[in-house]
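The values are calculated or read from the model by the stated rules, or taken from the named source; none is laboratory data. Note that the coordinates shown come from a computational prediction; the quantities given were computed from them, not determined experimentally. So basically every Cβ, Gly included, is an ideal-geometry build from the backbone, and we count neighbours across all protein chains shown.
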Amino acid sequence: MERSLVLLKPDCVQRRLMGKIISRFEDKAIEIVAMKLMRVTPDLAKQHYAEHVEKPFYPGLEEFITAAPVVAIVAQGLDVIRVIREMLGATNGLNAAPGTIRGDFSSSRQMNLVHASDGAEASAREIALYFSDEEICDFDSCLESWCRAGDE
């Protein structure tokens, strides 16, 4: 099993799309093992987007991500990082394919509704920024045997 941090960004929360997005992950048999509504502080934004802090677009990114609450999620599943990123579609909603989350609900590069970790290393770092070990609820899903064969 693999884990990914997912952030339902301020535009997703403000547009009341949280349930629709979460239901897509649940429909795909992705397990949610932690979730909370929270505000991203400027300090947390700087840690999360550390590679972008010195770039000219960073002030606008920080202003956006701290403007309203986000829903932080730890998602778990087989190859979940790739699967979620494919479900999201292209970063710019105008370029995202219909049927993807961004293709269906976004028409912006920045206001693209959802962040998801882009690899295992990023996932571990990002999850640790948003959740303590105690906040992650490992459990045996009773649906797993109905969603995947035992040898998958």
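What to note about this one:
- Some residue of region 47-60 being at pLDDT 95 or above, under 21 Å from Asp138 (Cβ atoms) and either over 13 Å from the mean Cα position of the chain (by Cα) or acidic (Asp, Glu) (or both): no
- Single residue of Ser141, Ser145, Ser107 found to be closer than 30 Å to Tyr58 by Cα, out of contact with any Ser or Thr (no Cβ under 7 Å at 6 or more places or on another chain), at pLDDT below 95 and not basic (Lys, Arg): Ser107
- Qualifying residue in region 94-113 (condition: in contact with a Pro (Cβ under 7 Å, 6 or more places away or on another chain), in a helix (DSSP H, G or I) and among the charged types (D, E, K, R)): yes
- The C-beta contact set for region 89-102 (first residue without any contact (Cβ under 8 Å) to a residue 12 or more places away in the chain and under 19 Å from Ser117 (Cβ atoms), second residue of a type in the set (D, E, K, R) and exposed (fewer than 12 other Cβ atoms within 10 Å of the Cβ), distance under 9 angstrom, 6+ apart or interchain) is empty.
- When residues of region 110-129 are limited to those that are touching a residue at least 60 places away in the same chain (Cβ under 8 Å) and farther than 22 Å from Leu78 by Cβ, the one surrounded by the fewest Cβ atoms within 10 Å (Cβ to Cβ): Leu129
- Qualifying position, being closer than 17 Å to Gln110 by Cβ and of a type in the set (Lys, Arg), among Lys28, Lys55: Lys55
- Residue-level analysis places Ala75 outside the set of residues that are within 16 Å of the chain's Cα centre (by Cα) and on the phi > 0 side of the Ramachandran plot.
- Residue that is over 14 Å from Phe25 (Cβ atoms), crowded, with 17+ Cβ neighbours inside 10 Å and of a type outside the set (Lys, Arg), where the choices are Val70, Val83: Val70
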